[in-house]
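Down below is the structure, laid out as structure tokens.
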Amino acid sequence: MKFFYQWLVATLGSAATMFVWGRISHMVLLKGIGFTRMPNEERIVSTLPTSLHGDGLYFFPSIDLRGSPTGEEQAAWEARLRAGPTGMIIYHAAGDAPVSPKKLSVQFLSNILAAGVVSYSLSLAVATFCELLAEAVARYRWRLHAYGCRARSERVPKRAI
């Protein structure tokens, strides 16, 4: 039971740290990095509901990855990909809040899951390391004893108090 509580504390502490770091990195460090404002946004967005079938991740030029495309279809897709333009669209027909309790809770739960897996894996690695270290010390002491050597504590005379 002691291991479970140690693991739980390590998991929750790590998850909280990752959650706070995620906020700092998104709100302060990475503000505006990598995003370019789309010119003519209204015109492009107005065509999406009629052009896309529903919510999803779309990329262009596209190819049907559910089946197996023929060699000609594959070659035509590669030619369109090389010629450009290329892109990805994450499309949601209904709007959503930029930050919502649902999104924050999903993020925190995924942090807990990741921290739990990592802390458990590290506990196994540390246990294995400690076992190997104890075995190495035991072998070293056995060799010393086999060759007639005494440990340092046995050779040094004890002081009278």
**OP:** For residue 49, work out the one condition from (1) in a helix (DSSP H, G or I); (2) surrounded by 12 or more Cβ atoms within 10 Å (Cβ to Cβ); (3) touching a residue at least 40 places away in the same chain (Cβ under 8 Å) it doesn't fulfil.
**Re:** (2)
Subject >> Subset of segment 20-45 [surrounded by 10 or more Cβ atoms within 10 Å (Cβ to Cβ), part of a helix (DSSP H, G or I) and over 21 Å from the mean Cα position of the chain (by Cα)] >> reply: 44, 45
Original post:
When you scan segment 57-73, how many residues do you find that are under 33 Å from the mean Cα position of the chain (by Cα), outside any loop (DSSP other than H, G, I, E, B) and surrounded by 11 or more Cβ atoms within 10 Å (Cβ to Cβ)?
Top reply: 3
Subject >> From 134, 125, residue being in a helix (DSSP H, G or I), at pLDDT 75 or above, of a type in the set (Gly, Ala, Ser) and more than 30 Å from residue 24 (Cβ to Cβ) >> reply: 134
Subject >> Residues that are within 26 Å of residue 59 (Cα to Cα) and modelled with pLDDT of 90 or more, drawn from segment 89-116 >> reply: 106, 107
Original post:
Can you name the condition, by its number, that residue 140 falls short on among (1) surrounded by 11 or more Cβ atoms within 10 Å (Cβ to Cβ); (2) at pLDDT below 75?
Top reply: (1)
**OP:** Looking only at segment 80-122, count how many residues are under 23 Å from the mean Cα position of the chain (by Cα) and part of a loop (DSSP other than H, G, I, E, B).
**Re:** 3
Original post:
Given the structure, is residue 16 under 30 Å from the mean Cα position of the chain (by Cα), surrounded by 12 or more Cβ atoms within 10 Å (Cβ to Cβ) and not in a strand (DSSP E or B)?
Top reply: yes
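The values are calculated or read from the model by the stated rules, or taken from the named source; none is laboratory data. Being a predicted model, the structure only gives us computed values, none of them experimental. Positions of Cβ are backbone-derived with ideal geometry, glycine not excepted, and every protein chain shown enters the neighbour counts.
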